[in-house]
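Trainee: Supplied in structure tokens, the structure appears directly below.
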Amino acid sequence: MAILRDIFTWWHGTTLGTKLFTARHGEKVGEDEFGNTYYRNADDSRRWVLYTTESEASRISTDWFGWIHHTFEEPPTVSPVRNWAWQKDRIYNKTGTDEAYRPPGSLVTLGRDEASAKPAYTPWVPD
């Protein structure tokens, strides 16, 4: 079943077609701290990433984000991006996971149901 998943689905990881295209046309440029591998074609008109886990664009590291979007020409392996002391570490998009932000009063807060949820504000009602 894993071979069928590789052929027909893209959200679990790299498809068989992408693997074949990468083997034929891809030139490996480098890897990031998450294990994602970055490639380009011979004339550098196309750049792509093979994810180690699910295909989620927010899992690209900040160093590689500018290179893959053609913001700068040199990859971080050649010209490292300067990180400032005030910058926070990048985290991936957690929407739709158990770690997603759920504000107080939200109906989807874990452990609550619709009847026990308190509103986060008191609405203004005109006199």
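Here, each number is a calculation from the coordinates, and none is a lab measurement. Here the structure is a predicted model, which is why all the values come from computation and not from measurement.
Trainee: Quick one: what are the phi-derived ³J(HN,Hα) couplings along the range 46-56, Karplus 6.51/-1.76/1.60 with θ = phi - 60°, whole Hz, x for glycine and proline?
Mentor: 10, 10, 8, 10, 10, 7, 7, 10, 5, 6, 9
Trainee: Starting from the Cα coordinates of the range 2-68, work out the convex hull volume and express it per residue in Å³.
Mentor: It is 82 Å³ per residue.
Trainee: Another one. Please list, in chain and number order, the residues 5+ apart from Gly30 or on another chain whose amide H is under 5 Å from its amide H, with Hs placed from the backbone.
Mentor: Tyr38
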